[in-house]
Amino acid sequence: MKRVYLDNGSTSFPKAPGVGEAMRRYCEDIGVNIGRGGYEEAYSAADVILETREKLCELFGFDKPENVVFTSGITASINMVLKGFLRPGDHVLASSVEHNAVIRPLRQLEQTGVEVTLIPCNTDGRLYANTISRYLKPNSKAVVMTHASNVCGTILPIREVAKVCQEYGVRLIVDCAQTGGVLKINMKEWGVDALAFAGHKGLLGPQGTGGFIIKDDFACELTPLISGGTGSISHLETVPDFMPDRFESGTQNLPGLFGLNAAIRYLTSIGTEKIYQREMELTQTLLQGLCQLKKLRIVGIPSCEGRVAPVSIDCIGKDNARVAYELEQSFGIMTRCGLHCAPLAHKTLGTYPRGTIRITPGHRTTTEEIYYAIDAIKAVLDA
Ligand SMILES: Cc1ncc(COP(=O)(O)O)c(C=O)c1O
């Protein structure tokens, strides 16, 4: 049976051409650490990592490569930024469609006396930036927000939110898990204080890569959550105060970062606009096909306006988990069923606790695969 991967919202597959080869080359031909040994191989490996920071700056509209901090991904990044910044008595805002990567650290911080407000989105995941000011308080310190819902793909108006944050002197931390490598993001132009990115989704790189990009003055206000060896100023027992070492203690995931370097090279050679355009063509075909089916409801925006690729459906009269299982068992179609680590988003969208089936085309999905999936869903629902 053929296999069709439609779970790119979880992680992209296949990865960009060249990623596997770059990782193999690092492991088999290079293998050295960076920032430690004083030999040629270590310096040239460090150059690749610096180049990766530079390319990420180009991609996300930032101008200080040393302020690109590598971590294992968005979860680690969001934890480092929120827990390094917020103190008891501070107030923080987030949207009501956040992933648990944001919500769980916020709930932990709440236990320490941080006040949390969730700004309601409507039932298709939309948020209106002009409503934010009414939730701000004198002790508001930050807004943390996803750029797009990982459940239904709805884009949140980060640019407009940034304007409000600037007006009120509140930091803006953005989770671009579902938009990095797909939508144009310009941190400087928009006024984003910190951007958490994942290497393994739209950037088409390996799992366990990602990080955050942070403005200088914001970085100074953060206490590093992790401290340890950096290979720099080793005579001191205190954490370096310069970037990126302030936040990069311990050995880096070098095989992963070599893979990420190759992925970003590929992305920039194609252009994110082209990738977005292609994903939207596929999403449009998918939505049009699904709209014809009577026994399901599309959750979120049923057109390509204001969204990225993840499409969620809720089956009528059939258990979503059963349908997803049949799609996989009988047709080889891989989707994701359930709450997608975002129970709050489902409460907002009206699909909690049953969840949805999420179908996410990717840059290499074919139009035939989308038609095949629509036919398969119809067959399972009609059976
Ligand atoms: C919106 C959103 N935020 C955060 C994450 C977590 O990202 P990472 O896997 O890089 O920790 C995901 C991944 O599923 C996501 O979709």
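Rule-based calculations on the coordinates, nothing more; no lab input. Keep in mind the model is a prediction, meaning the values are calculated, not measured. A quick note on method: Cβ atoms are made from the backbone with ideal geometry, for glycine too, and the neighbour counts reach across all protein chains shown.
Numbers for the structure displayed
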item: Integer Hz, Karplus 6.51/-1.76/1.60 couplings in order for segment 235-242, x for Gly and Pro; result: 6, 9, 8, 10, 5, x, 9, 9
item: Alpha carbon centroid spacing (whole Å) that separates segment 163-239 from segment 251-280; result: 17
item: Using alpha-carbon coordinates, inclination of helix 74-85 to the longest axis of the chain, degrees; result: 50
item: Order of L50, L93, L287 - criterion: other Cβ atoms within 10 Å of each residue's Cβ, fewest first; result: L50, L287, L93
item: Contact order normalised by residue count of the chain, Cα under 8 Å, 6+ apart, percent; result: 25
item: For R24, R358, R336, R134, order by how many other beta-carbon atoms lie within 10 Å, fewest first; result: R134, R24, R336, R358
item: Long-range amide H partners of I119 with built H, under 5 Å; result: A94, S95, S96
item: Sum of side-chain charges, L225 neighbourhood, beta-carbon under 15 Å (Lys, Arg +1; Asp, Glu -1); result: +1
item: Mean shadow area of segment 185-277 over all directions, Cα convex hull, nm²; result: 7.1
item: Set K2/K318; K83/K137; K318/K347; K274/K378 screened for pairs whose C-alpha atoms are more than 22 Å apart; result: K2/K318; K274/K378
item: Kirkwood-based shape ratio for segment 235-335, expressed as Rg/Rh from alpha carbons; result: 1.20
item: Order of S227, S312 under a 10 Å beta carbon neighbour criterion, fewest first; result: S227, S312
item: Ratio of Rg to Rh over segment 66-137 (Cα coordinates, Kirkwood Rh, two decimals); result: 1.00
item: Environment charge at E51 (Cβ cut-off 11 Å; Lys +1, Arg +1, Asp -1, Glu -1); result: 0
item: Degrees between helix 367-382 axis and first principal axis of the chain (Cα, 0 to 90, nearest 10); result: 50
item: Distance from segment 23-41 to segment 65-101 (C-alpha centre basis), Å; result: 31
item: C-alpha long axis of helix 254-270 to longest principal axis of the chain, angle in °; result: 60
item: Cα gyration tensor of segment 122-232 - equivalent ellipsoid semi-axes, whole Å, descending; result: 24, 21, 11
item: Cα-based Rg / Dmax (Å) for the chain; result: 21.2, 70
item: Under 16 Å from the Cα of K15 - lysines, other chains or at least 8 residues apart; result: K201
item: Placed amide H near L156: partners under 5 Å, 5+ positions off or other chain; result: A148, S149
item: For V143, distant residues with modelled amide H under 5 Å away; result: L93, R171, L172, I173
item: 13 Å beta-carbon shell around L236, net charge (K/R +1, D/E -1); result: -2
